[in-house]
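Presented below is the structure to which this report refers.
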Amino acid sequence: MTAPTLGTALFTSAQARATDQRATAELGVPGLALMTRAAAAAFAMLQRRWPGARRLRVVCGAGNNGGDGYLVARDARLAGLSVDLVALGEPKGGDASQARDAFVAAGGRCAAFSDWTRLPIADVFVDAIYGTGLNRAPEGEAHDAIEAMNAAGTPILALDIPSGLSADTGAMPGVAVRAEATATFIVQKRGLHTFHCEVAGVIELHALGLPDSVLDTPDSRLLLPAHLHPRPRESNKGTNGHVLAIGGDHGTGGAVRMAAEAALRTGAGLVSVATREENVLAMNAARPELMAHGVNGPQALQPMLEKASVLALGPGLGQAAWGHALWTTALDAGLPTVLDADGLNLLRAEERTLPRTVVLTPHPGEAGRLLGIDTKAVQADRFAAVREMARRYKAVVVLKGNGSLIASPTGEVSVCPWGNPGMASGGMGDTLTGIIAALLGQGCDAYEAACLGVGLHARAGDVAARAGERGLLAGDLLEPLRRLVNGLDA
């Protein structure tokens, strides 16, 4: 995997604060100077995005995020814009107080929240209530101001992070500003890219001129677009992996077929399917390139395992005797495996050693069952949950959802910046299973296959959603997937 750049590196709120402190201690950059740079960058961004804006309403909290807001308001006044500033309490720090004084010295006046309804209509709101340190639900006037901004229908620019959104987890303990854009400063924050991250809108990173030397080692990183290299001319089907997809109990043959077909479209040389006999005729008719076999138990599965190089285990498998017997036999083979759906549910019920190369692909509900916690607890800190699963199972783990996370057993985490709500439909997880299995078969290691597979899957979903998110089918991803995996414009 390539090293993260400043634009792809993700940091915790504690790391962001430590960077501010090092900039002052090691480089001699005063806190007020950083505020001034942040405000200038944010105001320039505002002017680019809303060039016709003539009146701003800036809502400032009492901390340093409020200080950024005071200086944005000062810069806007000096540029000739009308500015109404709503102050939610007195500034608590010296830098924030100096920022407020600078706004007042430029002719600005601070209004109380009680004046909200009497203020003129604004073209843009600026959210400067809370910074990165908030991990609780907004209360009092802050809560009311956030609700008022969201209800107004006016575009909102958030400074550093939308107020009410956790910078570490992307959780929303209560209300949060729903910004059209966010100007984030110095480093990217983890919470801007997973769970409720859609409230940030378009994100722009402003490094404020600080060198990389003041940065911590990133906590995680964003994926970048990637694809497979062209195949050597002497390639043949035997050199590109033989994926065996196992599943499709009574009534769920479509799940294993989608996984298998996605493996084909991702470039697997051969794809076999071990499923119920009743599914074979339909698969052969619809996709003859799949080698579908009816298997009634472990003895029928064994010869297929001997020919395979990678397993896609779980789509439509079921948890009854047939599925359990195939699951046990498949894992005993020790082949590189992608474990999904009922393959994960069986793992929760029966602790066992997994193959050395294995990728688990749970959604939050499945992750909660595997960790012995509820779904809400998983979502409250997705980074902690995915790392704990990877450590506990000694596996690469994909925690699916908005901003899917991929973790290695050593704690490395990548975050997917693509995908859309239209992908919340049946079969999407099955296609992801097949994609990752095909990449394992073509020589990727487990973490690389998971990162590349999640990225290709989400990007294909975004291409397919151009025709509309509602009604998006898992099968709609296959054609853009084929183009993306080859590095072509989809």
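The values are calculated or read from the model by the stated rules, or taken from the named source; none is laboratory data. Computed from a prediction, not measured in an experiment: that's the story for all the values here. All Cβ positions, glycine included, derive from the backbone under ideal geometry; neighbour counts span all protein chains shown.
Numbers at a glance
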quantity: The stretch 316-328, residues that are more than 27 Å from the chain's Cα centre (by Cα) and surrounded by 19 or more Cβ atoms within 10 Å (Cβ to Cβ); calculated: Leu317, Gly318, Gly323, Leu326, Trp327
quantity: Residue identified as of a type in the set (A, V, I, L, M) and either closer than 30 Å to Gln442 by Cα or under 16 Å from the mean Cα position of the chain (by Cα) (or both) among Met149, Met172; calculated: Met172
quantity: Strands (runs of 3 or more DSSP E) within the stretch 393-487 that include 2 or more residues surrounded by fewer than 24 Cβ atoms within 10 Å (Cβ to Cβ); calculated: none
quantity: Subset tally (residues that are of a type outside the set (A, V, I, L, M), touching a strand residue (DSSP E or B) at 6+ places or on another chain (Cβ under 6 Å) and buried (at least 24 other Cβ atoms within 10 Å of the Cβ)) for the stretch 337-370; calculated: 3
quantity: Residues located in the stretch 306-321, provided they are farther than 18 Å from Val243 by Cβ, outside any loop (DSSP other than H, G, I, E, B) and either in contact with a Cys (Cβ under 7 Å, 6 or more places away or on another chain) or in contact (Cβ under 8 Å) with a residue 12 or more places away in the chain (or both); calculated: none
quantity: Only one of Pro303, Pro288 that is part of a helix (DSSP H, G or I), free of Cβ contacts under 8 Å to residues at least 60 places away in the same chain, surrounded by fewer than 20 Cβ atoms within 10 Å (Cβ to Cβ) and in the same structural domain as Leu244 (by TED's automatic domain parsing); calculated: Pro303
quantity: Selected residue (only one of Ala395, Ala424, Ala384, Ala407 is among the aliphatic types (A, V, I, L, M) and over 24 Å from Leu192 (Cβ atoms)); calculated: Ala395
quantity: Residue match in the stretch 109-120 (condition: closer than 21 Å to Leu32 by Cβ, part of a helix (DSSP H, G or I) and more than 34 Å from the chain's Cα centre (by Cα)); calculated: no
quantity: Single unsatisfied condition, Gly209 versus (1) under 30 Å from Asn486 (Cα atoms); (2) surrounded by fewer than 23 Cβ atoms within 10 Å (Cβ to Cβ); calculated: (1)
quantity: Candidate set: the stretch 1-22, residues that are of a type in the set (S, T, N, Q) and either surrounded by 15 or more Cβ atoms within 10 Å (Cβ to Cβ) or without any contact (Cβ under 8 Å) to a residue 12 or more places away in the chain (or both); chosen: the one farthest from Pro218 (Cα to Cα); calculated: Gln21
quantity: Of residues in the stretch 70-112 being closer than 16 Å to Phe43 by Cα and hydroxyl-bearing (Ser, Thr, Tyr), the one surrounded by the fewest Cβ atoms within 10 Å (Cβ to Cβ); calculated: Ser82
quantity: Matching residues, the stretch 201-241, being assigned to a loop (DSSP other than H, G, I, E, B), farther than 28 Å from Met45 by Cβ and not hydroxyl-bearing (Ser, Thr, Tyr); calculated: Ala226, His227, Leu228, His229, Pro230, Arg231, Pro232, Arg233, Glu234, Asn236, Asn240, Gly241
quantity: Condition met for Glu198 (part of a strand (DSSP E or B), among the charged types (D, E, K, R), surrounded by fewer than 24 Cβ atoms within 10 Å (Cβ to Cβ) and not assigned by TED's automatic domain parsing to the domain that holds Ala380); calculated: no
quantity: Looking only at the stretch 19-76, and only at residues there that are among the acidic types (Asp, Glu) and under 29 Å from the mean Cα position of the chain (by Cα), the one that is modelled with the highest pLDDT; calculated: Asp68
quantity: The listed residue being in a helix (DSSP H, G or I), touching a residue at least 60 places away in the same chain (Cβ under 8 Å) and out of contact with any Gly (no Cβ under 8 Å at 6 or more places or on another chain), out of Ala41, Ala25, Ala76; calculated: Ala41
quantity: Conditions (1) modelled with pLDDT under 95; (2) surrounded by fewer than 24 Cβ atoms within 10 Å (Cβ to Cβ): number failed by Thr132; calculated: (2)
quantity: Candidates Ala179, Ala158, Ala171, Ala145 - the one that is more than 22 Å from Phe43 (Cβ to Cβ) and either part of a loop (DSSP other than H, G, I, E, B) or modelled with pLDDT of 95 or more (or both); calculated: Ala171
quantity: Selection within the stretch 327-386 - polar (S, T, N, Q) and assigned to a helix (DSSP H, G or I); calculated: Thr328, Thr329, Asn345, Thr375, Gln379
quantity: Residue check, Leu27 out of contact with any strand residue (DSSP E or B) (no Cβ under 9 Å at 6 or more places or on another chain) and either within 24 Å of Ile203 (Cα to Cα) or not aromatic (Phe, Trp, Tyr) (or both); calculated: yes
quantity: Odd one out for Arg257 among (1) within 24 Å of the chain's Cα centre (by Cα); (2) basic (Lys, Arg); (3) under 15 Å from Asp340 (Cβ atoms); calculated: (1)
quantity: Any hit, the stretch 242-250, residues being in contact with a Lys or Arg (Cβ under 7 Å, 6 or more places away or on another chain), at pLDDT 95 or above and either aliphatic (A, V, I, L, M) or part of a helix (DSSP H, G or I) (or both); calculated: no
